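Have a look at the structure below before the remarks.
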Amino acid sequence: MLVIKVTERYKKRLKRLKEKNRRWRYCNYCKFLVCASIAVIESKIIDIIRHEVRKFPDEFQFGAATASYQVEGAWNEDGKSESIWDHLLHENPCYVLDCSNGDIADDSYHQYKRDVEMMRELGLDFYRFSLSWTRILPTSFPDKINEAGVQYYNNLIDEMLKYNIKPMVTLYHWDLPQKLQEMGGWTNPNIIDWYSDYARVAFELFGDRVKDWITINEPYQICYNGYGDNSLAPFLNIKGVADYMCAKNLLLAHAKAYHIYDEEFRPTQGGSIFISLSAQWYDAEYEEFAVAAQEANDFFWAVYSHPIFAASGDFPKSVKVAVAAKSIEQGYLRSRLPEFTDEEIAYVRGSSDYFGLNHYSTMYVYRNESTLNYYETPSFNDDHGVMTYTYDEWNIGESKKTKFVPWGFTKLLTKIREDYGNPPVIVTENGFATYEGLNDEDRVTYYKHYISAMLDAMDEGSDIRSYTAWSIMDNFEWTAGYTERFGLYEVDYDSEERTRTPRKSAFVYKQILRTRELDMHYEPDTDVMTIDEGH
């Protein structure tokens, strides 16, 4: 039974919004006027609360995640060489909001036993972490394997397995060797071999104990933010060209690693291997923008999922048509989006055991006369030609990094089910940014509602196998540095020990894992975080 509940806070917001909507509303992101009806506004701010406790399937798995550069520290210890993030932030430290870096980060390189202790406190089924390419292969190539780096990962994996916590290992989470970047990085087609050689080494070193492999984390961020823009390393900002070159090479590199594992290692190691895609949901508030919303989803995430999960393979048709038309119009002799050969389409198609999904937010989109010639040309943004906007009511808490739109999560999971024949999904990241403080009520609200939205999709038939909270602890949040905190545990960056302390959200997440139930009304006792032996 669904019960509509309007909280006092939302009643005040509703009253304010009703007053505001006596006037035409001008959206900050828009160049057009919209009149948002009271009915539409109410639908955005009313909580839909299930009073019954919702149960998870017995086999459902829960975990939490981190990434190597964001937590390990020890950036140049024990033979590790320089990554693109090491290089960038030592050359230009204030690319980051607080001029910080990951040189020490959470010091997980030295504190892996405390990390595992936190996993035990939460009762995690699995822990997702990434390998540092430069810690294992300091020359970037398999001619030299760094034994100290290998030992660190062996120690972490063995410590986890001692307590029945499964390692889920990401091979690449953004920290490319600087040497490879100087040779073109993901725009050089040779990276298909460079990456797959590294992947093979990892399978050989750790595959006897690691049964869940993620090839690459968030291709869109790697290619668009790093190569087509200047918001992530390597900050190339070669718009509408380098990002597309990166996309094709990355997908082929992923597929090659998949086939190496599938053919050479799966028969004896018996694990799984898949890619993790960042997909936010792009929706149309008004029917006239439905096509724009569909194409936004094609450009922002299906450009990576369609070649792998669609029955036809290849890039989405809307992306191919739009980029080709823009390219010819701009004087190019061919599309700026590289084409796959028939053999490459077949090679990439089906190359993932799961749909790994990172999700945080939802946006509305529109495209009309006001968006024409708005973006720089050529560029990815000009190619899709849409603009996005959100509502103030989607902000909860102080941070504006993540929006609270749980219904978008359900819609996204439904879209994946309907478009790709209901592939098994592992939610590899979902979480909420706050600032400092242990009473993170807004994160608790976000987690409860997003997990409930995931259960809604499961009730409708989506095959979702696992859920991963981002992140187990605060970490270096890329260009936001340490100003944005995603952790279930707060990290004290002023202390040499990088002390980790559980937030309220950690106690709530622990209760979900312990009971295998979601109780929207659960309020934890946050006095002491203990280890439940035998979980």
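The values are calculated or read from the model by the stated rules, or taken from the named source; none is laboratory data. Here the structure is a predicted model, which is why all the values come from computation and not from measurement. All Cβ positions, even for glycine, are placed from backbone atoms using ideal geometry, and neighbour counts span all protein chains on display. Accessible surface areas use protein heavy atoms only, side chains included; no ligands, DNA or RNA. Shrake-Rupley method; radii C 1.70, N 1.55, O 1.52, S 1.80 Å.
Compute the distance from the alpha-carbon center of the range 279-347 to that of the range 361-388, in whole Å. After rounding, the separation between the Cα centres reads 14 Å.
Which FRET efficiency, nearest 0.05, do Leu333 and Thr414 yield, Cβ-Cβ r, R0 35 Å?
Numbers: r = 41 Å, r/R0 = 1.16.
The value I calculate is 0.30.
What is the dipole size for the chain, taken about its Cα centre, with +1 at each Lys and Arg Cβ and -1 at each Asp and Glu Cβ, in debye to the nearest 20? Charge dipole of the chain: 1840 debye, to the nearest 20. Look at where the Cα atoms of the range 59-83 and of the range 466-490 average out, and the two centres are 12 Å apart. I'd like to know which of Val96, Gly385, Ile512 lies farthest towards the positive end of the charge dipole of the chain, counting +1 on Cβ of Lys and Arg and -1 on Cβ of Asp and Glu. Result: Gly385, furthest along the dipole toward the positive end.
Here the dipole of the range 344-384 is about 160 debye; that uses its Cα centre as origin and unit charges on the Cβ of Lys and Arg (positive) and Asp and Glu (negative).
Find out how many positive minus negative residues lie around Ser196, taking Lys and Arg as positive, Asp and Glu as negative, among other residues whose Cβ is under 14 Å from that of Ser196. Present the calculation step by step, with values, prior to reporting the outcome.
Values: positive: Arg200, Lys256; negative: Asp193, Asp197, Glu204, Asp262, Glu263, Glu264.
Value of the local net charge: -4.
The average projected area of the range 386-535, computed from the convex hull of its Cα atoms over all directions, is 11.2 nm². In the range 82-230, the DSSP beta bridges split such that about 10 percent are antiparallel, to the nearest 5.
Report, in listed order, any pair from Lys248/Lys320; Lys144/Lys211; Lys55/Lys448; Lys403/Lys448; Lys80/Lys179; Lys162/Lys211 with a Cα-Cα distance greater than 18 Å.
Beyond 18 Å between Cα atoms: Lys144/Lys211.
What you get for the range 439-535, charging only the Cβ of Lys and Arg (+1) and of Asp and Glu (-1), is a dipole of about 200 debye around the Cα centre.
Ligands, DNA and RNA left out, the 1.4 Å accessible surface of the range 379-535 is 42% carbon and sulfur atoms. Values [x] 26.7, 105; [y] 22.7, 69; [z] 26.3, 86 are given for comparison; Rg and Dmax of the Cα atoms in Å, derived from the coordinates here, is the one labelled [y]. For the chain, adding -39500 (n - 2.57) for each run of n ≥ 4 DSSP H residues and dividing by the number of residues yields -10500 deg cm²/dmol at 222 nm. Between Ala469 and Gly63, Ala64, Ala65, the built amide H atoms are under 5 Å apart, and every one of these is 5 or more places off in sequence or on another chain.
Note on the chain: dipole from Cβ charges, positive end direction compared against Gly461, Leu156, Leu252; the farthest Cα belongs to Gly461. DSSP bridge analysis restricted to the chain gives an antiparallel fraction near 30%, rounded to the nearest 5.
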